[in-house]
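Chemist: To start, I am sharing the structure in question, which I have written as structure tokens.
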């Protein structure tokens, strides 16, 4: 299995908590986490006009803003409320009560509630921060009624490259002709799926060179405003004890 390419330092999630928190995001085998993201064409056609007051052109014709496909699932709203409260308080006991005993944490055998507790504050994982970053990004339904956060994981289009693909985090993410936020932007991206350009995925970079949708050349985007399609996702199933988190995992 391929772990994500240094996503903690490469494709940062630090800007996510400034986004508007979305409300809301079946019992299936644990092996489901190894599947490719479900290939469902759920994007919004016509990336949309630039937000009010903006003058930069929108460079993508299809956008993938976070959605809430899980609110209608029985018991989900209550579960999500408990999850949000546990994250806000950094309450490990409250989080553990929502977790399957055999929760999967990586593709190398990492699993279980004890290991989850260890990783919550471990500087190498910072799982509290990873879960918090997921909360504004919606929830999608997978086959069998399972829930997946973020929404894009359950709705990645079939033609997207899961390994090179990234989601731009916001409706007006500037795209620059060079890696300099002080330079005039050539346009903006509205919750677009883009690929990183070859050789631009190194860790610790403030900017990532990306391939624009539709063969529109390349541009530079602030790395903090990009999220890999195979970054952390939270998977949950509805059990007799209520909704339980069965996986918190990244990579493929």
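Chemist: If a residue must be more than 15 Å from residue 149 (Cβ to Cβ) and crowded, with 17+ Cβ neighbours inside 10 Å, how many such residues does the stretch 60-77 contain?
Modeler: Result for the stretch 60-77: 3.
Chemist: Looking at the structure I just gave you, is residue 146 closer than 30 Å to residue 86 by Cα and in contact with a strand residue (DSSP E or B) (Cβ under 6 Å, 6 or more places away or on another chain)?
Modeler: Taking the combined requirement at face value, the residue satisfies it.
Chemist: Another question, if that's okay. Out of curiosity, is residue 81 surrounded by fewer than 17 Cβ atoms within 10 Å (Cβ to Cβ) and part of a helix (DSSP H, G or I)?
Modeler: yes
Chemist: Being buried (at least 16 other Cβ atoms within 10 Å of the Cβ), farther than 30 Å from residue 189 by Cα, at pLDDT 95 or above and out of contact with any strand residue (DSSP E or B) (no Cβ under 9 Å at 6 or more places or on another chain) narrows it down to one of 104, 117, so name that one.
Modeler: 117
The values are calculated or read from the model by the stated rules, or taken from the named source; none is laboratory data. All figures in this text were calculated on a predicted structure; none of them were measured in a lab. All Cβ positions, even for glycine, are placed from backbone atoms using ideal geometry, and neighbour counts span all protein chains on display.
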